[in-house]
Amino acid sequence: MTVEEAIRTAIDYETRVRDVYADAVGQTADPVGKRILGVLANEEQHHLDYLQSKLQQWKTSGEVTSEGLKTAIPSREVIEAGVNKLETHLAGQNRRVAELQILKKALDVELETGNFYKKMVKELPAAGQRLFARFVEIEEGHLAIVQAELDYASGTGFWFDFMEFNLEGA
């Protein structure tokens, strides 16, 4: 895959992810959920704008730089540090089937997109690798947020991929 093809494919992935979040905002009743999903939708739109500018840069110069990609989403470590606060806030909220479906869909598209970026980091020339390496980091943060929400909302006994309780005793 060429750098241009990779950028065009990334645009397709980011469009799909953005649309999942934008649709989810309208389907979620919880104000905190709406806010989180809205931030993620805006983040994905920023990715689209960034990729469009990188595509134009590639077409104009035959080169692509990787500067300038920022995120409103904190690192996975920061998210993990805030999980207790979020868990307390969400404790009294209903677990709706529709919201679980939204979160599962979001998780699926984030995983697929992140896997594409990881593949591009391995396969593209150096300039393309640098461009997509930052996307890998950002998508990991998105995954962490969606997984935390899904773990809690599903009531599986896991929170952020860690068991909340142990049925076997201590």
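The values are calculated or read from the model by the stated rules, or taken from the named source; none is laboratory data. This one's a predicted model, so the numbers in the text were calculated from it and none came from an experiment. Neighbour counts run over all protein chains shown; Cβ positions are idealised from the backbone, glycine included.
Out of all the residues in the stretch 13-40, which are among the aliphatic types (A, V, I, L, M) and touching a Ser or Thr at 6+ places or on another chain (Cβ under 7 Å)? Step through it out loud before you land on a result.
Start the filter on the stretch 13-40 by keeping residues that are among the aliphatic types (A, V, I, L, M), which leaves 17, 20, 22, 24-25, 29, 32, 36-37, 39-40.
Answer for the stretch 13-40, where residues must be among the aliphatic types (A, V, I, L, M) and touching a Ser or Thr at 6+ places or on another chain (Cβ under 7 Å): VAL17, LEU37.
Name the single residue that is nearest to MET120 (Cα to Cα) among those in the stretch 6-19 being buried (at least 20 other Cβ atoms within 10 Å of the Cβ) and under 13 Å from the mean Cα position of the chain (by Cα).
Across the stretch 6-19, the extreme among qualifying residues is TYR13.
Within the stretch 9-51, track down each residue that is modelled with pLDDT of 85 or more and of a type in the set (Val, Ile, Thr).
Matches in the stretch 9-51: THR9, ILE11, THR15, VAL17, VAL20, VAL25, VAL39.
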